[in-house]
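Each value in this text was obtained by applying a stated rule to the coordinates, not by laboratory testing. Remember, it's a predicted structure, so these values are computed and weren't measured experimentally. Using ideal geometry, Cβ is built from the backbone for each residue, glycine included, and neighbour counts are taken over all protein chains shown.
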Amino acid sequence: MTDIPKPITGRCLCGSVTYSVDAEPVWQGVCHCSNCQRQTASAFSTIVGVPSDALTVQGDTLASFKTASEGYQSTTERRFCSACGSPIFSVIESMPGLVFLKAGTIDDISWFEPTAEIWTGSAQPWAPHFEGVARYERIPE
Ligand SMILES: [Zn+2]
Ligand SMILES: [Zn+2]
């Protein structure tokens, strides 16, 4: 496994939004929920959870879109760049203190090592899965 850079830095496609995280990730995984499929326009979302107070974001094109979280009582606020459309991170109401970065926006994500796949109940039949990784039909209790 490659070392995790300190800080973790990232940006959107056009570069208007940049961020840095001065902390270790607390969660790494993928989400197969249908909202993530739609928002990422892909089979699943690749996510790195970090402490929200360690995240510094810059860029005035950062916009947000809030939905009810799929299948449970919470909301998910998805932050994205309104100039280029890149999803950047999500804030989940029921998980205070954390933000969930879209791994593909991280400058060096070679170290990514998922520990869980969530919402496999809505995974596409053609979606690939990770070897030896815990799978949850919905979200872990
Ligand atoms: Zn952008
Ligand atoms: Zn999801």
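Side notes on the structure shown:
- This ranking places Arg138, Arg11 by how few other beta-carbon atoms lie within 10 Å of each, fewest first, which gives Arg138, Arg11.
- Length added when fully stretched, Phe130-Thr9, from 0.36 nm per residue minus Cα-Cα: 41.1 nm
- Taking Glu24, Glu70 and counting other C-beta atoms within 10 Å, the order from fewest to most: Glu24, Glu70
- The phi-based Karplus calculation (6.51 cos²θ - 1.76 cosθ + 1.60; θ = phi - 60°) puts the 3J(HN,Hα) values of the range 124-135 at 5, x, 9, 5, x, 10, 8, 5, x, 10, 4, 10 Hz, whole numbers, x for Gly and Pro.
- Gyration tensor (alpha-carbon) shape descriptor, the range 8-122, a/c threshold 1.5: rounded
- Distance between the modelled labels on Asp22 and Arg38, one decimal in nanometres: 3.8 nm (7 Å Cα→Cβ projection).
- For the range 8-15, backbone phi angles converted through the Karplus equation (6.51, -1.76, 1.60; θ = phi - 60°) give residue-by-residue couplings of 7, 10, x, 7, 7, 4, 7, x Hz, Gly and Pro being listed as x.
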